[in-house]
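Below is one structure, written out as structure tokens; comments come after it.
The values are calculated or read from the model by the stated rules, or taken from the named source; none is laboratory data. In this text the structure is predicted, and so the values were computed from the model without any measurement. Cβ coordinates were reconstructed from backbone atoms using ideal geometry, including for glycine residues, and neighbour counts include every protein chain displayed.
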């Protein structure tokens with residue numbers, strides 16, 4: 001199966017450098033993010049997508065709707081695809097990154113009520129193991145940067161520190177052949 005993971009288009013919080021993992025906080029795409037989603041839709045127009053998975057966050061759902069317009073695939077919302085709950089909701093990303101970097105175990109560190117990077121990786125890997133069992137030609141997953149890092153780790157056998165170095169820009173897709181990796 002062809003597994004296509006797409007990072008959502010640029011959001012208002014991306015532009016402002018703020019954290020958002022709470023689905024109750026409606027963070028929309030920017031005009032640039034809408035354009036990134038339309039460009040992704042053009043790139044993926046010929047993919048035989050019959051199933052789409054998306055996080056609960058608005059920016060991912062907006063992106064998925066734009067890309068799925070020409071596929072009319074079944075869309076399933078899955079909380080395991082949500083952005084990492086950093087515990088810094090609405091605060092600058094730099095503050096969260098600085099706090100994580102200063103922790104003795106950066107990948108095990110978490111704020112009260114938040115989740116660690118390792119916890120995020122575990123929930124994403126659980127999702128991927130399920131998706132790999134599907135009998136589909138192509139599946140689209142619209143999600144977030146750190147989720148895509150975890151997916152790259154799953155398919156490429158990366159340790160947490162190596163996953164952390166994977167960078168995926170807004171509107172960019174990573175593709176994996178699940179027959180070779182699952």
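Hey, can you tell me all the residues within region 101-131 that are within 15 Å of residue 153 (Cα to Cα), surrounded by 14 or more Cβ atoms within 10 Å (Cβ to Cβ) and in contact (Cβ under 8 Å) with a residue 40 or more places away in the chain?
The answer is 107, 117, 118, 121, 123, 124, 127, 128.
Taking region 99-148 as the search range and keeping residues that are within 21 Å of residue 44 (Cα to Cα) and part of a helix (DSSP H, G or I), which one is farthest from the chain's Cα centre (by Cα)?
Initial filter on region 99-148 (within 21 Å of residue 44 (Cα to Cα)): 128, 131-132, 134-145, 147-148.
In the following step, the residues that additionally are part of a helix (DSSP H, G or I) were identified as 128, 131, 145, 147-148.
Values: 128: 12, 131: 15, 145: 5, 147: 4, 148: 5 Å.
Looking at residues that are within 21 Å of residue 44 (Cα to Cα) and part of a helix (DSSP H, G or I), I get 131.
Given the conditions (1) at pLDDT below 95; (2) within 17 Å of residue 173 (Cβ to Cβ), and given that residue 135 satisfies all but one, which numbered condition is not satisfied?
Here residue 135 clears every test but (2).
From the residues in region 163-178 that are over 14 Å from the mean Cα position of the chain (by Cα) and outside any strand (DSSP E or B), which one is surrounded by the most Cβ atoms within 10 Å (Cβ to Cβ)?
Keep residues of region 163-178 that are over 14 Å from the mean Cα position of the chain (by Cα), which gives 165, 176-178.
Cutting the leftovers down to outside any strand (DSSP E or B) gives us 165, 178.
Working: 165: 9, 178: 17.
The selected residue is 178.
Among 181, 152, 160, which is surrounded by 13 or more Cβ atoms within 10 Å (Cβ to Cβ) and at pLDDT below 95?
On the way: 152 fails: at pLDDT below 95; 160 fails: at pLDDT below 95.
181 is the lone residue from the list that is surrounded by 13 or more Cβ atoms within 10 Å (Cβ to Cβ) and at pLDDT below 95.
What single numbered condition from (1) out of contact with any strand residue (DSSP E or B) (no Cβ under 8 Å at 6 or more places or on another chain); (2) in contact (Cβ under 8 Å) with a residue 24 or more places away in the chain; (3) surrounded by fewer than 18 Cβ atoms within 10 Å (Cβ to Cβ) fails to hold for residue 98?
Of the numbered conditions (1) out of contact with any strand residue (DSSP E or B) (no Cβ under 8 Å at 6 or more places or on another chain); (2) in contact (Cβ under 8 Å) with a residue 24 or more places away in the chain; (3) surrounded by fewer than 18 Cβ atoms within 10 Å (Cβ to Cβ), the odd one out for residue 98 is (2).
Does region 77-95 contain at least one residue that is exposed (fewer than 14 other Cβ atoms within 10 Å of the Cβ) and more than 17 Å from residue 20 (Cα to Cα)?
No: zero hits.
One residue is enough: does region 80-91 have a residue meeting the conditions over 30 Å from residue 112 (Cβ atoms), in contact with a helix residue (DSSP H, G or I) (Cβ under 9 Å, 6 or more places away or on another chain) and part of a loop (DSSP other than H, G, I, E, B)?
First, the residues of region 80-91 that are over 30 Å from residue 112 (Cβ atoms): none.
No: zero hits.
Identify all residues within region 14-57 that are assigned to a helix (DSSP H, G or I), in contact (Cβ under 8 Å) with a residue 24 or more places away in the chain and either within 21 Å of residue 175 (Cβ to Cβ) or under 17 Å from the mean Cα position of the chain (by Cα) (or both); write none if there are none.
Matches in region 14-57: 14, 33, 34, 36, 37, 38, 39, 40, 41, 43.
Does region 17-34 hold any residues that are surrounded by fewer than 19 Cβ atoms within 10 Å (Cβ to Cβ), touching a helix residue (DSSP H, G or I) at 6+ places or on another chain (Cβ under 9 Å) and farther than 19 Å from residue 54 by Cα, and which are they?
Once the filter is applied, which keeps residues that are surrounded by fewer than 19 Cβ atoms within 10 Å (Cβ to Cβ), touching a helix residue (DSSP H, G or I) at 6+ places or on another chain (Cβ under 9 Å) and farther than 19 Å from residue 54 by Cα, region 17-34 yields 17, 32.
Just need a number here: residues in region 1-12 that are more than 15 Å from the chain's Cα centre (by Cα) and either farther than 13 Å from residue 60 by Cα or at pLDDT below 95 (or both).
Summing the residues that are more than 15 Å from the chain's Cα centre (by Cα) and either farther than 13 Å from residue 60 by Cα or at pLDDT below 95 (or both) in region 1-12 gives 2.
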